[in-house]
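Each reported figure results from applying straightforward, stated rules to the coordinates on display, with no laboratory input. Every value quoted in this text rests on a predicted model; they were computed, and no experiment measured them. Cβ atoms come from the backbone with ideal geometry, glycine included; neighbour counts cover every protein chain shown.
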Amino acid sequence: MDVTFTTPRRPVEVTALFPRLAPLARPAIRLHPRPGSPSAHDSSVGGPLLWPADEPWPYCHEPHDQVSRLYEAYEVHVDPDFEWFPGPNPMVPVAQLYVRDIPLLRPPGQADLLQVLWCPFEHEPDLKPPTALFWRSSAEVTDVLAAPPGPFAVEYEEYVPRPCVLAPEQITEYPNPMELSGELREQLQDWSRWQAAGSGVDGSYAPYPESYYGSHLSLAPGWKVGGWAPWGLTDPVPRFCSACDAGMVPLLTICSGEWDGGTRNWIPYEDQAVARLGGDIESNPPGVQVSKGDHLQLYVCPESPEHPHTSLIQ
């Protein structure tokens with residue numbers, strides 16, 4: 001993609017006001033998916049995968065009829081014309097990321113490509129789409145699968161991402177306020193400290209300055225690699241590798257929009273004119289809605305990305 005996207009500079013240098021945040025800085029790469037026609041040789045969201053012709057396509061083998069029974073148990077309304085598919089369902093491409101574009105990725109061995117797929121159904125017990133990760137060496141794929149199977153059934157069309165090209169941009173993130181120590185949170189709640197930053201701080205946040213940090217300075221919205229977790233639906237929950245018990249780290253955040261009313265200060269300069277016009281296409285190019293508007297964050301083991309990954313909705 002020839003267009004670049006630039007996150008506006010943060011209104012204050014937060015580590016100058018709160019030096020204890022400096023060691024907690026983490027790099028993240030905003031993917032900035034935008035409508036396009038990616039090929040299998042491009043990084044993309046919802047685009048075609050560089051999938052070997054001789055490798056079986058992944059299927060979701062979970063019993064989809066159990067999803068129907070779960071909805072009935074909780075008396076969730078389901079369109080009467082919707083037909084539940086009980087058998088294995090081909091998984092749907094969600095993202096393809098080349099290390100050349102996303103250098104934060106730490107692939108195993110000689111791999112230089114990450115492929116993410118999911119089943120376009122929300123499965124029990126936590127009603128989220130099951131995901132599959134594949135690391136591979138692009139140089140070893142000499143014969144690309146020409147016609148991958150599409151899903152036999154889709155619970156919500158928002159679980160089939162519209163093809164998007166990417167314009168990766170590296171930024172710096174800081175933890176969600178809920179992940180900070182009590183002492184540091186007390187400092188964030190001290191408005192006099194913020195006043196020291198001068199006119200850069202929005203005075204309307206004086207009654208709740210910690211919210212200013214959370215909205216303007218800690219985590220960027222949208223699709224991204226790395227960074228911190230967007231807690232909110234739950235308190236922070238440590239994630240541990242099931243293979244080696246190492247603390248897991250965020251790999252990919254799959255979001256339901258690039259911005260909303262509370263995160264408009266993160267809108268890239270290049271999008272600000274169109275953002276003023278509103279509209280779902282501008283704020284959510286892939287058209288994805290995770291669990292009615294939340295985030296799905298994938299975690300991997302820092303010791304070995306080949307260990308089983310896990311996911312969490314926030």
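Mind listing which trypsin sites (Lys or Arg not before Pro) in the range 172-278 are in a DSSP loop and have 15 or fewer other Cβ atoms within 10 Å? Here the trypsin sites (Lys or Arg not before Pro) that fit, given the DSSP loop and packing criteria, are Arg276.
Placing +1 on the Cβ of every Lys and Arg and -1 on the Cβ of every Asp and Glu, with nothing else charged, gives the chain a dipole about its Cα centre of roughly 1120 debye. The residue among Pro302, Leu21, Ser43 whose Cα reaches farthest toward the positive pole of the charge dipole of the chain, with charges on the beta-carbon of Lys, Arg, Asp and Glu, is Leu21. In a DSSP loop and with at most 15 other Cβ atoms within 10 Å, the GluC sites (Glu not before Pro) in the range 257-304 are Glu303.
Would you please name the GluC sites (Glu not before Pro) within the range 141-225 that are DSSP coil residues with at most 16 other C-beta atoms within 10 Å of their C-beta? Write down the numbers at each step before the final one.
Values: sites: Glu155, Glu157, Glu158, Glu169, Glu173, Glu179, Glu183, Glu186, Glu210; in loops: Glu155.
Of the GluC sites (Glu not before Pro), not one in the loops of the range 141-225 has a Cβ with at most 16 other Cβ atoms within 10 Å.
Annotation for Cys244 and Val3: the two label points, set 7 Å from Cα along the Cα-Cβ direction, are 4.1 nm apart.
Report the FRET efficiency, 1/(1 + (r/R0)^6), for Ala132 and Glu183, where r is their Cβ-Cβ distance and R0 is 35 Å, rounded to 0.05.
Efficiency computed from Cβ-Cβ geometry: 0.25.
Tell me the net charge near Ser256. Cut-off is 10 Å between Cβ atoms, Ser256 excluded, with +1 for each Lys or Arg and -1 for each Asp or Glu. The partial results should precede the final answer.
Working: positive: Lys292; negative: Glu158, Glu258, Asp260, Asp294.
Around Ser256, the surrounding residues sum to -3.
Please work out how much length the chain gains when fully extended from Tyr205 to Glu140, using 0.36 nm per residue of separation minus the C-alpha to C-alpha distance, in nm with one decimal.
The Tyr205-Glu140 span can extend by a further 18.0 nm.
From the Cα gyration tensor of the range 194-314, with a ≥ b ≥ c the square roots of its eigenvalues, which class applies: rounded if a/c is under 1.5, or else prolate if a/b is larger than b/c, or else oblate? It comes out oblate by the Cα gyration axes. Computed from backbone phi, the HN-Hα couplings of the range 230-236 come to x, 5, x, 5, 9, 5, x Hz, rounded to whole numbers (Karplus: 6.51 cos²θ - 1.76 cosθ + 1.60, θ = phi - 60°; Gly and Pro given as x). Calculated FRET efficiency, Val274 to Arg20, Cβ-Cβ distance, R0 = 41 Å: about 0.60 to the nearest 0.05.
Multiplying the sequence separation of Glu62 and Val237 by 0.36 nm and subtracting their Cα-Cα distance, what value in nm do you get? Let's see the in-between values first.
Working: separation 175, 0.36 × 175 = 63.00 nm, distance 2.57 nm.
Roughly 60.4 nm would be gained on extension.
Just to confirm my numbers, what's the Cα centroid distance between the range 169-197 and the range 239-314 in Å? Cα centres, the range 169-197 to the range 239-314: 21 Å.
Return the FRET efficiency for the residue pair Ala53, Glu157: r is the Cβ-Cβ distance, R0 is 22 Å, and the value is rounded to the nearest 0.05. With R0 = 22 Å, the Cβ-Cβ based efficiency is 0.20.
Multiply the residue gap between Gln170 and Trp191 by 0.36 nm, knock off their C-alpha separation, and tell me the result in nm, one decimal place. Please report the intermediate quantities before stating the final value.
Details: separation 21, 0.36 × 21 = 7.56 nm, distance 2.98 nm.
My answer for the length gained is 4.6 nm.
The structure-derived value of Cα extents along the principal axes in Å appears in the list (i) 65, 38, 37; (ii) 66, 35, 33; (iii) 61, 49, 47 under the label (iii).
For Cys60, the residues 5 or more places off, or on other chains, whose built amide H falls under 5 Å of its own are Asn89, Met91.
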